[in-house]
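A.B. asks: Here you go, one structure.
Each value in this text was obtained by applying a stated rule to the coordinates, not by laboratory testing. The shown structure was predicted, so the numbers you read here are calculated from the model rather than taken from an experiment. Cβ coordinates were reconstructed from backbone atoms using ideal geometry, including for glycine residues, and neighbour counts include every protein chain displayed.
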Amino acid sequence: MKPTVAFFDFSSCEGCQLQIANLEETVLDVAGKVNIVAFREVMKESSDSYDIAIVEGSICRPIDEKRLKTIRKNAGILIALGACAHLGCVQRLSNQWTPRENKEVVYGPIKKGVTDDSNPFFDQPHHRSLDEIVPVDYVIPGCPIDRNEFVKVLVALLQGKKPPIPDYPVCVECKKRENVCLFTIGKVCMGPVARAGCNAICPTYGMSCEACRGYVSHPHEQAQTDVLEKYGVSAEEIMNMKSMFTYKYIEQAKQKKKEQASVEKEVVA
Ligand code: SF4
Ligand code: SF4
Ligand code: SF4
């Protein structure tokens, strides 16, 4: 019996699913080894019975949280697809403001008389990644994902192997490509802590790496700090870089600090 695979999406641009839909012949080849039972971008049918759930998007509403929990319950394996599902992606930046403030920035001043109670938009809690709500078995990182990496992950899973996602920094790939380091030409780059696997595509074309694939499991943050100090990068510049795709880590660090402060307060009391 072929394993069944279903695709789902939450808050996202659906660009990661599009990468998979664009695989054409390769996806057909992979699809020969699995039964795709739900994939809104390419088929009308859908099913609640599946072995592998591939989920794109961040979670921001109670209704999404409930739906994700049902997907998790139905699936043997749950894969987070892309930076939205893995990290909360750029939309997570909106967590810094209230839903009302975000709405006013995008749509203009809210009419007099409209209260938080009368507009469901205001009910939206903050964006979160999938693993903050349910256990996630594997992550295919990136914004968007690398479609070849997707195929490799699926093939590994079908062979009962651990998916081959690199756990070393983008700098390794960048140096292998013999690129000129962007720091030496006055730019800022997250390469020292960002997870490789994209073949350092951004620095290779002169663009700063903004860590869309998240950080490696044990980021050498001191090495990054040393580089930033050496090149005189301002705290604001680095905070902008760290916020783009990886605001999740900033939120987690703040939460950890808060919890530590509360423990210390209890010990003193
Ligand atoms: S990770 Fe990027 S490309 Fe993929 S769905 Fe999210 S915003 Fe779109
Ligand atoms: S910091 Fe950026 S540009 Fe410099 S080596 Fe690392 S990835 Fe390449
Ligand atoms: S170089 Fe950085 S920002 Fe660019 S794709 Fe790779 S991880 Fe993402």
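A.B. asks: Across segment 117-265, how many lysine pairs, 8 or more positions apart or on different chains, have C-alpha atoms separated by under 19 Å? Please give the number.
C.D. replies: 16
A.B. asks: Multiply the residue separation of Arg100 and Glu229 by 0.36 nm, subtract the distance between their alpha-carbon atoms, and state the gained length in nm to one decimal.
C.D. replies: Once the chain is fully extended between Arg100 and Glu229, it gains 42.6 nm.
A.B. asks: Would you mind computing, in nm to one decimal, how far apart the modelled labels at Arg40 and Ser208 are, each placed 7 Å from Cα along Cα→Cβ?
C.D. replies: 3.4
A.B. asks: Now for a different question. Any idea what the relative contact order of segment 1-65 is, in percent, if you count C-alpha pairs under 8 Å spaced at least 6 apart?
C.D. replies: 54
A.B. asks: Okay, moving on. Please report how many Lys pairs in segment 1-77 have alpha carbons closer than 24 angstrom, counting only residues at least 8 apart along the chain or sitting on separate chains.
C.D. replies: Final tally of qualifying lysine pairs is 8.
A.B. asks: Can you give the % of DSSP beta bridges in the chain that are antiparallel, to the nearest 5?
C.D. replies: If I count the DSSP bridges inside the chain, around 25 percent turn out antiparallel.
A.B. asks: Given the -39500 (n - 2.57) contribution per DSSP H run of 4+ residues, what per-residue ellipticity at 222 nm results for the chain, rounded to the nearest 500 deg cm²/dmol?
C.D. replies: Result for the chain: -11500 deg cm²/dmol, rounded to the nearest 500.
A.B. asks: Output the Kirkwood hydrodynamic radius of segment 168-217, Cα pairs only, in Å rounded to one decimal.
C.D. replies: Here the Kirkwood hydrodynamic radius works out to 10.3 Å.
A.B. asks: Hey, in the GNM for the chain with a 10 angstrom Cα cutoff, which one of Ser12, Ser129, Ser94 fluctuates hardest?
C.D. replies: Comparing Ser12, Ser129, Ser94 in the GNM, the peak value goes to Ser94.
A.B. asks: Turning to a different aspect of this structure: Please find, in a Gaussian network model of the chain (springs between Cα atoms separated by less than 10 Å), the residue of Val105, Val34, Val155 whose mean-square fluctuation is greatest.
C.D. replies: Among Val105, Val34, Val155, the largest GNM mean-square fluctuation belongs to Val105.
A.B. asks: Over what distance in Å are the Cα centres of segment 180-259 and segment 66-112 separated?
C.D. replies: About 23 Å separates the Cα centre of segment 180-259 from the one of segment 66-112.
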